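In what follows, a structure is listed as structure tokens, so that the remarks can point back to it.
The values are calculated or read from the model by the stated rules, or taken from the named source; none is laboratory data. Computed from a prediction, not measured in an experiment: that's the story for all the values here. Here the Cβ positions follow ideal geometry from the backbone for every residue, glycine too, while neighbour counts run over all protein chains shown.
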Amino acid sequence: MSKVPVTIDGKTIEVPYDTTVLDAAKKLGIHIPTLCHNENVKPYGVCRICLVEMHQGKREKLVPACVFPLRKETEILTNSEKVQRVRRWIIQLMLARSPEEQVILDLAEKYGVETHARFAPHWKEESGERYRDESSCILCGQCVRVCEEIVGASAIAFEGRGSKRRVVSPFNAENDMCVACGACAFVCPTNCIGFVDHGATRELKRWRKKTKMIACKTCGDYFLPESLAKVYAEKMNISEDVYSVCPDCRASVFK
Amino acid sequence: MAEKLTSRQMLLDLAEELAGKRKQVKQTITLCAGTGCRASSCMDVHQALVEGVKKRSWGDKVEIRTSGCHGLCELGPLMVVQPGNVFYKGVKPEDADAVLDETVGKEEKVEKLLYEDSVSGDKIVHWHDIPFYKKQKRLVFGANGEINPNIIEDYLAVGGYQALAKALGDMQPDEIVEQVKISGLRGRGGGGFSTGIKWESCKKAKGDVKYILCNADEGDPGAFMDRSILEGNPHVVIEGMIIAALAIGGTDGYVYVRNEYPLAVKNLAIALDQARDYGLLGENILGSGFNFEIKINRGGGAFVCGESTALMASIEGRPGEPRAKFVHTVEKGLWDKPTNLNNVETYANVPWIVTNGGDEYAKIGTEGSKGTKIFSLVGKVHNSGLIEVPMGITLREIVYDIGGGIPGGKKFKAVQTGGPAGGCLPEDKLDLPVDFDNLWEAGTIMGSGGLIVMDEDNCMVDVAKYFTKFLMDESCGKCTPCREGLRQLYNILVDISEGRGKEGDIEVLEGLSEAIETGSICGLGQAAPIPLKSTIRYFRDEYEAHIKDKKCPAKVCKELITYKITDNCNGCGLCPRVCPADAITGAKKELHVIDQSKCIKCGACYEACKFDAISKG
């Protein structure tokens, strides 16, 4: 595939056609902040924190670094005055949604945004518990995409339009599609899914999911949700002897 | 079932035969049966006319036709009697006998049904003399008033599908694209992108399957041009789509139409079946070996589904949310295949261009915007309805000549162009020639063609608040700036309109607007701050009056107005009776008083008072 030259903040590099700005910047060691990006799933381009200034000839606009494909000679400014200005507004909007969320507070501090929000938090406007509960969720969609693209369960999805958008399980109830693997919780940048292991049970509060845990045959520690064991047995044909031994004990059991 | 047409000659012969038959009918009454006239019971008038004809045994003498929208919806039901081009408005079923006896029988006019000019008060007989129609150029819309949308033979009789036959017989795909490029046609859905260039890019894109989509998800409140074309002349859109498919190499077509347009869906479905029966759609079109099929996809009513990528996601069966389109949809669109998406009105222009040539089309309009544009003219004007005008006409001509000016002797304040995400232009922009580029420079957009006229009773802060709320509610919520930003814009506008505005609010609105328009994924967010920005640009003093003086100059924002009873009050006792909040007290024949703590500012007393004794301010 052909290569295209790109200059990012004054440093030039040649990258393969269709490389994203974010990947090109990484190669140059230039940091661009991201929130919704996860390199294991398809780029989504919604948080807009990675907006950078793009110049192609006379054409000039702000583009999200995570999804913008480089197809011809391009100059990128990751920290121009305009980028900073728009980024600060976006951080302020995120603060209005999630005023107590550390990830957002850190971003605010880094980019010089006052952390007392200019805008009233949502849950104060709506005076609803739901908004307070979900105020830490920044709707980056990493959980939804990992659940669909990697786990293959599609157990959760976005619901609602505009500011009523949220991530839910179907009908906001417990559902069998969720295997309680916890991948959603591991990728969540704001830890807002409520994933807790209580010994013999695992809970994912946001998805109303509770499942029993299986104890390791060797050491007796609870480590595997029953729903996931079912997938191992039925879909992957792994024998119980294998899947019911925890990863820590496997080395000594299967020599 | 009709005999399939397998050659261009067969089509031409049939057209000639049908046109001849139409000419044999000496007298006709064509009744508008668009949605507007249907709402004013035109079908009852139709029934009365049909019965009247039967009663008189005039079956051979006069033909009663129904057609699509005539445009002057405000005065419906409308009809045109031929010969003589006699235009009647506001026809009721009980008028049927008079129309038949006087006009059909004696060729005399029914005085009370004639159009009366809003300025001179003169009665006007012929439809083309009415100022509303006089300045129009009905290129696309003309046939609407002549043909019955459910009868394909009507369309064939006025030359329908002959552009397709010409394209199939005489033109190479490249030539079709070239003619559309020469015509200068730009997308009528709002984007204003060159249709010819779009077709060319899609034609060049590699793929064995290519989709030809028609965007009929007309979501702008108060806009109904696409609906009226689909309802009144669906075949012109179908013909345009088939020509596009022929030019681009399209294999399958979809019309994405709102389910809230039942008559459009119905008439389109009937038209597709009829076109198939005649061999004008489907396999081996007109015996040429070219195949193309069109399906209808009904939309669920989300405004954002009018955005190209959201529309495609919706057809695919996914939630209607936009995505980044740095890789254009002409290359990777519906199901990742090359896809050409045009709006209803864009396709409706295509047969004319093919028939008359791109050069001829390019003679109409301005340097950068060619042809005509259909607008839905609504708001504070006498003649609201649908108008088709050449690009370059001034806003003044539209509002005053075609629209008949502002009713009630009120003063013009602004005209909003381009739908909910369009900007408001003040009086000193009235002489602006309307085209894509002029509107953009003036801080607004062509959009899909909404035109809302506002007078001195409209508060521009309130207008900005209204449209911002509409867009906030319709935002899909996928990206941060649109989802969170519009909500904050709206909150600030609510504060300003309720007297909580503070110094610096305008600057926050402007800063946030920049973040939303430069940071949002799709056109909805990118254009959403336009109503706000244009009202700040042209009516900043109104914002300042709200913020600094806590006054609403147009007396619209409830929290900023007070109703008081003046010395004119003679204690008639009417206002306490109409007040729903029991806020007015006073003894009989004595000055009454409004308790401000109870007053809900509904204005009922103000409207009811016969002695001009209640002040609002």
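Taking the criterion of being charged (D, E, K, R), in contact with a Pro (Cβ under 9 Å, 6 or more places away or on another chain) and within 30 Å of B:Val381 (Cβ to Cβ), the residues of the range B:81-121 that qualify are B:Lys89, B:Lys92, B:Asp117.
Any idea which of B:Gly447, B:Gly477 is free of Cβ contacts under 8 Å to residues at least 24 places away in the same chain and either of a type in the set (S, T, N, Q) or assigned to a loop (DSSP other than H, G, I, E, B) (or both)? None of the other options fit; the residue is B:Gly477. Do we have any residue at all in the range B:457-469 that's under 25 Å from B:Ala554 (Cα atoms), touching a residue at least 60 places away in the same chain (Cβ under 8 Å) and of a type in the set (Asp, Glu)? Yes, some residue in the range B:457-469 is under 25 Å from B:Ala554 (Cα atoms), touching a residue at least 60 places away in the same chain (Cβ under 8 Å) and of a type in the set (Asp, Glu). Just wondering, is there one or more residues in the range B:454-465 that are over 30 Å from B:Gly371 (Cα atoms), buried (at least 24 other Cβ atoms within 10 Å of the Cβ) and within 14 Å of chain A (Cβ to nearest Cβ)? So far as the range B:454-465 goes, no, none of its residues is over 30 Å from B:Gly371 (Cα atoms), buried (at least 24 other Cβ atoms within 10 Å of the Cβ) and within 14 Å of chain A (Cβ to nearest Cβ). Could you say whether any residue in the range A:136-156 is surrounded by fewer than 17 Cβ atoms within 10 Å (Cβ to Cβ) and within 13 Å of another protein chain (Cβ to nearest Cβ)? Within the range A:136-156, one or more residues are surrounded by fewer than 17 Cβ atoms within 10 Å (Cβ to Cβ) and within 13 Å of another protein chain (Cβ to nearest Cβ). Among the conditions (1) of a type in the set (S, T, N, Q); (2) modelled with pLDDT of 90 or more; (3) surrounded by fewer than 21 Cβ atoms within 10 Å (Cβ to Cβ), A:Thr115 misses just one, which is (2).
Please pick out the residue among B:Pro77, B:Pro131 that is buried (at least 18 other Cβ atoms within 10 Å of the Cβ), over 23 Å from B:Asn233 (Cα atoms), modelled with pLDDT of 85 or more and within 28 Å of the chain's Cα centre (by Cα).
Values: B:Pro77 fails: over 23 Å from B:Asn233 (Cα atoms).
Residue meeting the stated conditions: B:Pro131.
Of the residues B:Val257, B:Val236, the single one that is under 30 Å from B:Gly418 (Cα atoms), touching a residue at least 24 places away in the same chain (Cβ under 8 Å) and in contact with a strand residue (DSSP E or B) (Cβ under 6 Å, 6 or more places away or on another chain) is B:Val257. Can you work out which of the residues in the range B:493-520 that are surrounded by 23 or more Cβ atoms within 10 Å (Cβ to Cβ) and within 10 Å of chain A (Cβ to nearest Cβ) is farthest from A:Val86 (Cα to Cα)? If we take residues in the range B:493-520 being surrounded by 23 or more Cβ atoms within 10 Å (Cβ to Cβ) and within 10 Å of chain A (Cβ to nearest Cβ), then B:Ser520 is farthest from A:Val86 (Cα to Cα).
Just to check your reading of the model, which residue among A:Val63, A:Val52, A:Val4, A:Val83 is within 14 Å of chain B (Cβ to nearest Cβ) and outside any strand (DSSP E or B)? Steps first, answer last, please.
Values: A:Val63 fails: outside any strand (DSSP E or B); A:Val52 fails: outside any strand (DSSP E or B); A:Val4 fails: outside any strand (DSSP E or B).
Exactly one residue qualifies, and that residue is A:Val83.
Hey, can you tell me all the residues within the range B:1-29 that are basic (Lys, Arg) and within 25 Å of B:Thr66 (Cα to Cα)? Once the filter is applied, which keeps residues that are basic (Lys, Arg) and within 25 Å of B:Thr66 (Cα to Cα), the range B:1-29 yields B:Lys21, B:Arg22, B:Lys23, B:Lys26.
Checked against the criteria, B:Lys550 does not count as outside any helix (DSSP H, G or I), at the interface with chain A (Cβ under 10 Å from one of its Cβ atoms) and touching a residue at least 12 places away in the same chain (Cβ under 8 Å). Exactly one residue among B:Gly379, B:Gly333, B:Gly443, B:Gly423 is surrounded by fewer than 24 Cβ atoms within 10 Å (Cβ to Cβ) and over 23 Å from B:Arg227 (Cβ atoms), and that residue is B:Gly443. The set of residues in the range B:135-164 being assigned to a helix (DSSP H, G or I), surrounded by fewer than 23 Cβ atoms within 10 Å (Cβ to Cβ) and among the polar types (S, T, N, Q) consists of B:Gln162 alone.
Taking only the range A:66-77 into account, find how many residues are more than 7 Å from chain B (Cβ to nearest Cβ) and either in contact with a His (Cβ under 6 Å, 6 or more places away or on another chain) or not aliphatic (A, V, I, L, M) (or both).
Step one: filter the range A:66-77 for residues more than 7 Å from chain B (Cβ to nearest Cβ), giving A:66, A:70-77.
From what is left, the residues that are either in contact with a His (Cβ under 6 Å, 6 or more places away or on another chain) or not aliphatic (A, V, I, L, M) (or both) are A:66, A:71-75.
Final tally of qualifying residues: 6.
Which members of the range A:25-39 meet the condition of being more than 14 Å from chain B (Cβ to nearest Cβ) and either modelled with pLDDT of 95 or more or within 25 Å of B:Glu484 (Cα to Cα) (or both)?
Of the range A:25-39, the ones more than 14 Å from chain B (Cβ to nearest Cβ) are A:25-32, A:38-39.
Correct list: A:Ala25, A:Lys26, A:Lys27, A:Leu28, A:Gly29, A:Ile30, A:His31, A:Ile32, A:Asn38.
I need the full set of residues from the range B:414-441 which are among the aliphatic types (A, V, I, L, M) and not in a helix (DSSP H, G or I), in order please.
Pass one, the range B:414-441, residues among the aliphatic types (A, V, I, L, M): B:414-415, B:421, B:425, B:430, B:432, B:434, B:439.
Correct list: B:Ala414, B:Val415, B:Ala421, B:Leu425, B:Leu430, B:Leu432, B:Val434.
Any idea which residue in the range B:466-492 is nearest to the other protein chains (Cβ to nearest Cβ), counting only those that are out of contact with any helix residue (DSSP H, G or I) (no Cβ under 7 Å at 6 or more places or on another chain) and farther than 30 Å from B:Ile387 by Cα?
Step one: of the range B:466-492, the residues out of contact with any helix residue (DSSP H, G or I) (no Cβ under 7 Å at 6 or more places or on another chain) are B:466, B:470, B:478, B:491.
Add one more test, that the residue is farther than 30 Å from B:Ile387 by Cα, and what stays is B:478, B:491.
On the way: B:Lys478: 5, B:Asn491: 7 Å.
It comes out as B:Lys478.
Could you tell me whether any residue of the range B:525-543 is without any contact (Cβ under 8 Å) to a residue 40 or more places away in the chain, within 14 Å of chain A (Cβ to nearest Cβ) and part of a helix (DSSP H, G or I)? For the range B:525-543, residues without any contact (Cβ under 8 Å) to a residue 40 or more places away in the chain, within 14 Å of chain A (Cβ to nearest Cβ) and part of a helix (DSSP H, G or I): present. Taking the criterion of being of a type outside the set (D, E, K, R) and touching a Lys or Arg at 6+ places or on another chain (Cβ under 9 Å), the residues of the range B:90-129 that qualify are B:Gly90, B:Ala98, B:Leu100, B:Thr103, B:Val104, B:Gly105, B:Leu113, B:Leu114, B:Tyr115, B:Val125, B:His128. Annotation: of all residues in the range A:74-103 being among the β-branched types (Val, Ile, Thr) and touching a residue at least 40 places away in the same chain (Cβ under 8 Å), the one that is farthest from A:Met54 (Cα to Cα) is A:Val103.
In the range B:203-320, counting only strands (runs of 3 or more DSSP E) that sit wholly within it, the ones holding 3 or more residues that are aliphatic (A, V, I, L, M) and under 27 Å from the mean Cα position of the chain (by Cα) span B:211-216.
Results for (1) touching a helix residue (DSSP H, G or I) at 6+ places or on another chain (Cβ under 6 Å); (2) exposed (fewer than 14 other Cβ atoms within 10 Å of the Cβ), shown as yes or no for each residue.
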residue	(1), (2)
A:Ser163	yes, no
A:Met177	no, no
A:Phe186	no, yes
A:Arg206	no, no
A:Met213	no, no
A:Lys217	no, no
A:Asp221	no, yes
A:Leu228	no, no
A:Ser252	no, yes
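Among the residues of the range B:165-174, is there at least one that is basic (Lys, Arg) and either within 30 Å of B:Asp359 (Cβ to Cβ) or surrounded by 16 or more Cβ atoms within 10 Å (Cβ to Cβ) (or both)? The answer is yes, given that some residue of the range B:165-174 is basic (Lys, Arg) and either within 30 Å of B:Asp359 (Cβ to Cβ) or surrounded by 16 or more Cβ atoms within 10 Å (Cβ to Cβ) (or both). Would you check if B:Glu360 is of a type in the set (D, E, K, R), more than 12 Å from B:Asn215 (Cβ to Cβ) and not in a loop (DSSP other than H, G, I, E, B)? When the stated conditions are applied, B:Glu360 passes them.
Considering the conditions (1) farther than 23 Å from B:Asp437 by Cβ; (2) part of a loop (DSSP other than H, G, I, E, B); (3) within 14 Å of chain A (Cβ to nearest Cβ), B:His328 is excluded by exactly one of them, (1). Can you find even one residue in the range B:220-228 that is of a type in the set (Lys, Arg) and crowded, with 18+ Cβ neighbours inside 10 Å? Yes.
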